[in-house]
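One structure is given below, encoded as structure tokens.
The values are calculated or read from the model by the stated rules, or taken from the named source; none is laboratory data. Quantities reported herein were computed from a predicted structural model and do not represent experimental measurements. Every residue, glycine as well, gets a Cβ built from its backbone with ideal geometry; the counts of neighbours run over all protein chains shown.
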Amino acid sequence: MTLPVDPSNSFSPDHLGRAEVFREGQIAIRAERYQLEGDYRPHDHRFLELALILGGEGIHHTLHGEHPLQTGSVVVLRPGAWHAYHTCKALEVFNAYVGEDVLHRELAWINQDPLLGRFLWTLPRSLDRAEVLWGTLEPERLQECQGCWETLERLSSASVEAERGELVGQLLLLLTRLAQGLPTQAKNTAQAPSLPAVVLDCIEQFERDPARPWTLELLVRSSGLHPSHLSRLFTRATGLPPLAYLNRWRLERAAVQLAQTEHPISQIGAEMGWMDANLFARRFREHFGSSPSTFRQRYR
């Protein structure tokens, strides 16, 4: 995947979908490496991204601020999190991508695992879970993780569906090595970023009443801000405008309900604000790449 060079200083994240990373019909796990030079625009993606720095230098920018990158740096970004790279000089990055369907299906148990549960987030966004985790691996652990990444790259570039089990197994080994290798403080950074109070208030309102037919006007009444000002604040803090954020959060929450309950699909859609089952199915397919019923069947 090639990141677009930033031609300006404006903040307008690009959105990378599944089709730009994963091959159709295959499990959504992939690894690749590339070298960055200069500056790259903010962007987000509808999948988990793991980034390992093998060499060079640069600055990594997220909603948590800017952090220098060095050999051994690791960055984990949950689906939807935005990030950007600045002042890169021969920055060698090894990336691994994991689709949301894999997080909610093959890796659904991770949330209850004592080690991996603190390192990887498979549930929808909540105020006590960060979007981004970072840390630095010691040389010995870096070598182990690089070996896992290289195997993952080889397997994910193959077209043999029979290697699906080996691919998932190698991904789990990589995640375990990373969780073991990152310092304790890195694993415990899963806490709310310093978002503006008005943004936190909007998110809390969404989570309290997801089925409400939210509009920007409703949010403005409680915040007292001009619509354009509120939208700019929200986008700067989360990478998405308020209603786009709400739409993504609703879909993530619906995915968990589909995977973990027997509730009718139409009921799940209505609880998330889509009274029209066809509209819910269309939005779900656009986000996850499959219908709600297919998603549920695959999980089981």
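Here are some notes:
- Members of the range 200-217 found to be assigned to a helix (DSSP H, G or I) and in contact with a helix residue (DSSP H, G or I) (Cβ under 6 Å, 6 or more places away or on another chain), listed by number: C202, F206, L216
- Against the conditions (1) at pLDDT 90 or above; (2) exposed (fewer than 14 other Cβ atoms within 10 Å of the Cβ), V160 satisfies every one except (1).
- Some residue of the range 169-177 being at pLDDT below 85 and over 30 Å from R232 (Cβ atoms): no
- Restricting the range 23-39 to residues that are touching a residue at least 60 places away in the same chain (Cβ under 8 Å) and assigned to a strand (DSSP E or B) leaves a set whose member that is farthest from A51 (Cα to Cα) is I29.
- Residue satisfying all of: in the range 120-153; modelled with pLDDT of 90 or more and assigned to a loop (DSSP other than H, G, I, E, B); nearest to V98 (Cα to Cα) among these: L137
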